[in-house]
Amino acid sequence: MRALQEGEVEAVGAVQPQEVDVRIIAATNQSLETMIKEQRFREDLFYRINVVQMDIPPLRARRGDIKVLSKYLLQKVCDRTGKRVQDFSPAVQDFFSQYHWPGNVRELENVIESAVHMTDRKVIGYEDLPPHLQSPSHPVRDGQSLKMVVEQAEKQAIQLALEESSGDKSIAAQRLCIGKSSLYEKVKKYNL
C-alpha cells in the first residue's frame, strides 16, 4: 500500500526508504465492487489501483475481431515454430466466427498453435483442429435414443453456461432461462 500511495519501498533491514517509479496494470474477470461488498477484496487497495478502468468484452462479444486476431496469431505461431502455414480454410474461418470461445484469446491462440502443429499443408483445415472442437458428422449414434441425445445436449449447454459464468450458478441459470433450483437439480443429475 505504501509503495502505491507514497511511491517508496523500504527493504528489510534498510535504514531509509527508497523511491520507486512504477505503473501497475491489473486485470480481473471478477467484479471488484461485488468482492468489496462481500469483503473478499480490500476497499482501500481498490481505490488506490482503480485510476483508469477499462472493460474489455470477451472474444465471443467481439466476433468481428476474430478474423484479424486469428491471422495475427497464425503468423505469430508460425514465426515461433518455423512452420509455413499461410491461412485457414473457409470452414475453419466459419467455425472460428461461430464458436463461443470460453477461454477467449488464449484459447484461440492454443487452438491455432495445435492446428499448426497438426497440419502438413499451407492451409489449416477443419480436420486439423483439436478433436474436442470437431463435432461428429452424425450426432446420433446407432442405438442412441432421442432421450440420450437430448440429455447430452442439455449437459453440454449447462457446462457451457457454467464455464461462461465462471461457475456462478445464478448467472448460468439466467443465461439458460431456467430457475436456479432447476439448474441445481440438473447439475446434480449430470454430476457437474
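The numbers here are math on the coordinates, done by the rules we state, and not lab data. Predicted, not measured: the structure shown is a model, and the values here were computed from it. A quick note on method: Cβ atoms are made from the backbone with ideal geometry, for glycine too, and the neighbour counts reach across all protein chains shown.
Ordering Val111, Val22 by the number of other Cβ atoms within 10 Å of each residue's own Cβ, fewest first, gives Val22, Val111. In this Cβ point-charge picture (+1 for Lys and Arg, -1 for Asp and Glu), the chain has a dipole of about 680 debye about its Cα centre.
Full extension of the chain segment joining Ser182 with Val123 gains 16.8 nm, where the gain is 0.36 nm per residue of separation less the Cα-Cα distance. Structure note, pairs Lys147/Lys186; Lys37/Lys186; Lys67/Lys169; Lys155/Lys180; Lys67/Lys122; Lys67/Lys155: Cα-Cα distances above 22 angstrom occur for Lys37/Lys186; Lys67/Lys169; Lys67/Lys155.
Counting 0.36 nm for each residue step from Arg84 to Arg63 and taking away their Cα separation leaves a gain of 4.9 nm. With the helix formula -39500 (n - 2.57) applied to DSSP H stretches of n ≥ 4, the chain reaches a computed 222 nm mean residue ellipticity of -15500 deg cm²/dmol. Ranked by the mean number of other Cβ atoms within 10 Å of their residues, highest first, the peptides 67-78, 3-14 fall in the order 67-78, 3-14.
For the chain, the longest principal axis of the C-alpha atoms and the axis of helix 146-164 are separated by about 20°.
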